[in-house]
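One structure below.
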Amino acid sequence: MNGEEALAKLLEGNKRFVAGTPEAKDFAARREELKQGQHPIATVVACSDSRVVPEYIFDVGLGEIFKVESAGNVLDRIGLGSVEYGVAHLHTPLLVVLGHEKCGAVTAAYDGHAEGNIAAIVKKLAPAVKKAKKGGDKAAEVEQAAAINVKKVMGKLRKLPPVKAALESGALKIVGMRYSLGGAVEIIVKK
Ligand SMILES: [Zn+2]
C-alpha cells in the first residue's frame with residue numbers, strides 16, 4: 001500500500017465513522033494475524049483528547065495505526081523518536097498530524113495556563129498561539145492556532161532525517177488534518 005492508498009483508506013473509514021456504519025471487525029482473528037508482526041498503514045500524531053480516537057475516527061482495526069499522542073499533539077524528543085520509529089522501522093507509507101476542534105491544550109496555551117509539567121506543553125504551543133492571537137474572537141483564534149500548530153509540527157517532522165529521506169524517495173506521504181467533534185476529518189495540509 002502506498003501513501004495515497006493509505007490516505008484513501010483512512011478517508012473512506014472516516015466516512016463510515018461519520019455515517020455510523022463502521023465495518024465489522026473480527027478482533028480474535030486479527031490478533032492471531034498480528035502475532036506475526038505489525039505493518040501499520042499510517043503513523044498518526046494526535047491529541048490525547050478522549051474524543052479523538054484515530055482507530056474509531058478512521059474506522060480501522062488493530063495493527064493499522066502507529067500512534068504518537070500528547071495533549072495538543074506536540075512532540076518532544078520521545079515523540080519525535082516515536083515518529084522516526086513508525087517511519088523508518090515500521091515503514092508506514094503515510095504520516096498524519098491530526099489536530100482537532102476545541103483542543104483543551106491549545107485553549108490552555110491561549111489562556112496562558114501553565115502549572116506543573118503542563119508548562120512544557122504550553123511552551124510548545126506558544127508560537128502557534130502567538131501567531132493566531134490578534135485580540136479577535138477567542139474561539140476562532142483557538143481554531144486558527146490549532147491549525148497553525150499542525151503545520152508547525154509537520155515542518156518539524158519534515159526535517160527529521162528518516163522522514164526527509166522517506167519523503168524524498170516517495171516512500172512516505174505526509175498530511176495535516178483537522179478533526180471536527182461532529183466526526184469528520186478534513187485535510188488542511190497535503191504536502
Ligand atoms: Zn486536544
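The values are calculated or read from the model by the stated rules, or taken from the named source; none is laboratory data. Since the model is a prediction, treat every value here as computed from it, not as a measurement. All Cβ positions, even for glycine, are placed from backbone atoms using ideal geometry, and neighbour counts span all protein chains on display. All accessible areas refer to the heavy atoms of the entire protein, side chains included, with ligands and DNA or RNA removed. Shrake-Rupley method; radii C 1.70, N 1.55, O 1.52, S 1.80 Å.
If you roll a 1.4 Å probe over the chain with all protein chains in place, what percent of the accessible area is carbon or sulfur? Walk me through the numbers on the way to the answer.
Working: 5460 of 9960 Å².
The computed percentage sits at 55.
Can you give me the distance in nm between label points at residue 12 and residue 24, each placed 7 Å from the Cα along the Cα-to-Cβ direction?
It works out to 1.9 nm between the two label points.
Given 37 °C and 0.692 mPa s, compute D for the chain with the Stokes-Einstein relation, Rh being the Kirkwood radius over Cα pairs; round to the nearest whole µm²/s. Please report the intermediate quantities before stating the final value.
Working: Rh = 17.0 Å.
Taking Rh from Cα pairs, D becomes 193 µm²/s.
With respect to the cross-link table entries 9/67; 15/164; 15/156; 67/124; 123/190; 102/124, which display a Cα-Cα separation exceeding 22 Å? Intermediate results must be reported in sequence, preceding the final value.
Values: 9/67 17 Å; 15/164 30 Å; 15/156 29 Å; 67/124 19 Å; 123/190 26 Å; 102/124 17 Å.
Correct reply: 15/164; 15/156; 123/190.
Taking θ as phi - 60°, what are the ³J(HN,Hα) couplings along the range 116-129 by the Karplus curve (6.51, -1.76, 1.60), each to the nearest whole Hz, with x for Gly and Pro?
Working through the residues one at a time gives x, 6, 4, 4, 5, 6, 4, 4, 5, 8, 3, x, 5, 5 Hz.
³J(HN,Hα) across the range 156-166 via Karplus (A = 6.51, B = -1.76, C = 1.60, θ = phi - 60°), whole Hz, x for Gly/Pro?
5, 5, 4, 7, 5, x, x, 6, 4, 4, 5
Using alpha-carbon pairs under 8 Å, 6+ residues apart, how would you state the relative contact order of the range 3-190 in percent?
Relative CO of the range 3-190 lands at 24 percent.
Taking only DSSP H segments of four or more residues, each worth -39500 (n - 2.57), what value at 222 nm results for the chain once the sum is divided by all its residues, to the nearest 500 deg cm²/dmol? Don't skip to the answer; put the middle values down first.
Numbers: 8 runs with 90 residues, N = 191.
Roughly -14500 deg cm²/dmol at 222 nm, from the helical runs in the chain.
Can you compute the modelled spin-label distance between residue 159 and residue 39, with each label point 7 Å from Cα toward Cβ, in nm?
3.5 nm
Using a 1.4 angstrom probe on the protein heavy atoms only, line up 89, 100 by accessible area, largest first.
These residues rank, largest area first, as 89, 100.
No solvent, one uniform scatterer per C-alpha: report log10 I(q)/I(0) for the range 85-191 via the Debye equation at q = 0.22 1/Å, two decimals.
Here the Debye-derived log intensity ratios amount to -1.12.
On a 1.4 Å probe surface of the protein chains, which of 57, 121 comes out largest in accessible area, and what is the full order?
121, 57
With every protein chain left in place, what is the accessible area per residue of the chain in square angstrom, probe 1.4 Å? Each step should come with its number before you reach the end.
Details: 9960 Å² over 191 residues.
Per residue, the chain has 52 Å² of solvent-accessible surface.
Name the residues whose placed amide hydrogens come within less than 5 Å of the amide hydrogen of residue 67, ignoring near sequence neighbours (fewer than 5 apart) on the same chain.
44
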